[in-house]
Amino acid sequence: MVFPTVRKLVHSKIPALLSAVLLAAGCSSSTSTTSQSGDFTIGFALGLTGLIQPFDLPSMQTAQIAMDEINSKGGVLGRKLKAVSADTHSDVNQGANAGLSVMGKGAQMVVVSCDYDFGGPAASQAQAKGLVSFSVCAGSIKFGPQGVGDKAFTMGMAAAEEGSGIAEWAYNTKGFRSAFVMHQVYNAFNDESCSSFTNRWTQLAGAPSIVGKADFKDTDPSYDSQITAVRNASKAPDFIFLCSVSPGMPKMMRAIRSAGLQQPILENQSAGGDYWKSAIPDVSNVYYTDLFSINGDDPSSAINNLVRDWKTKNPQSVSVVDGHMPSGYGLIYVWSDAVKQAGSFDGAKVAKALEGFKDHQTPIGPWTYNAQFHINLTRQMRLNQIQNGKTTFVQQLRPQTLVLPSV
């Protein structure tokens, strides 16, 4: 099931918006594009329509802003950057084809969807060709040598960092001492988020402090059994930790509040943006971690300026904005810096340069990769709160102890 707000975006607004995006990227949804002599082509194999669109499309648009900036200064190693794209339609089974499609249009680096499960197939096609790939925001540590390969990197915030960090905040800052864990069975990101939270919370508060757990799917006809599990917990939990994604996330939030359960809900980055709120417009007492705050109150002035610039250039996308949006912008600069360090566009050399990044300064903050993890595990998360449907920034957050899941 897709919620009305997402369905409306997919079926009414997106055809015109997608056409504009593809034109801006120098590509067509139906015809291939041949690279001009000297250009370096970046392929975007993304969910430009469908469920992943609020994550992928804004990131592609900010990536184009970065490419335009770089091109205005002469490009990378003397070559201008050019974009081609293919729409996965947010279908996991179309990811590999989208990857092959952009490579068929000349892509020499591939940008893929904001999720290990959705973006992995296209990244695997790039890996097979010896090309570097980037996910705009996959949060699984498997996006790299553990799952895709040695040339796959992600701009995402690790689910493990979120789970560990919000557990520490709940225990140390809020003084919570009991938790109920609600896990949406869906993807690797949810699994790692719940696992890291549970392990770190248990280290802090002890195993008995997890007063209950329940699994759910967004296709479940109702969430009565999960709500009953909360009510029948060994004690009333101080909060509910929800590791989920849309459309299951707002459905479960609505079920929790409709049942009269008013405990704070702690969520991961999937609660970013406003695209899902029509399902529960006055939702309150929700706290979540995100990559950035896109409401003009981010602690980084550079991020606030980027958001304003993006809104001006992409006014039709404002309603589908998500906190991952600046990642596309940062992705282009992270990759281009590695190319410059390597002195080459060669995939193996660029990957090696990326693995050497340690607090490397970028327009979106310090960046670190290493040979083991191709995800930045040292970033400053943004903790946000939602009250009466309005999202505001609370504080930056970084776990003191990072608990990684086994993969």
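Read-outs throughout are calculated quantities, based only on the coordinates presented, and are distinct from any laboratory measurement. All of these numbers come straight from a predicted model, not from anything done at the bench. Cβ atoms come from the backbone with ideal geometry, glycine included; neighbour counts cover every protein chain shown.
Overview of values
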| quantity | calculated |
| --- | --- |
| Cα centroid separation, segment 270-341 to segment 356-371 (Å) | 19 |
| Binned Cα-Cα distances of segment 312-407, short to long, each 5 Å bin given as a whole percent | 2, 10, 16, 19, 16, 15, 12, 7, 2, 1, 0 |
| Simple spin-label estimate for Arg308 and Lys217 in nanometres, 7 Å along Cα-Cβ | 4.7 |
| Mean Cβ neighbour count within 10 Å, used as a protection proxy, ranking 63-73, 285-295 highest first | 285-295, 63-73 |
| Two-site FRET efficiency, Lys390 against Ile70, from Cβ-Cβ distance with R₀ of 25 Å, rounded to 0.05 | 0.10 |
| Ellipticity estimate at 222 nm from DSSP helix runs (n ≥ 4, -39,500 (n - 2.57)) divided over the chain, nearest 500 | -11000 deg cm²/dmol |
| Kirkwood hydrodynamic radius over Cα pairs of the chain, then Stokes diffusion coefficient at 4 °C and 1.567 mPa s, in µm²/s | 61 |
| Relative packing of 170-180, 356-366, which averages over residues the other C-beta atoms within 10 Å, highest first | 170-180, 356-366 |
| Difference of contour (0.36 nm per residue) and Cα-Cα distance, Ser284 to Thr401 | 39.2 nm |
| Stretch gain in nm, segment Asp91-Asn370, where the contour uses 0.36 nm per residue and the Cα spacing is subtracted | 97.4 nm |
| Over 19 Å (Cα to Cα) - which of Lys129/Lys349; Lys73/Lys340; Lys129/Lys352; Lys251/Lys277; Lys73/Lys311; Lys82/Lys105 fall in this group | Lys73/Lys311 |
| Gain on full stretching of the segment that runs from Lys80 to Gln146 - 0.36 nm per residue minus C-alpha separation | 20.5 nm |
| Spacing of the two label points (7 Å from each Cα toward its C-beta) at Asp297 and Ala128, in nm | 4.7 |
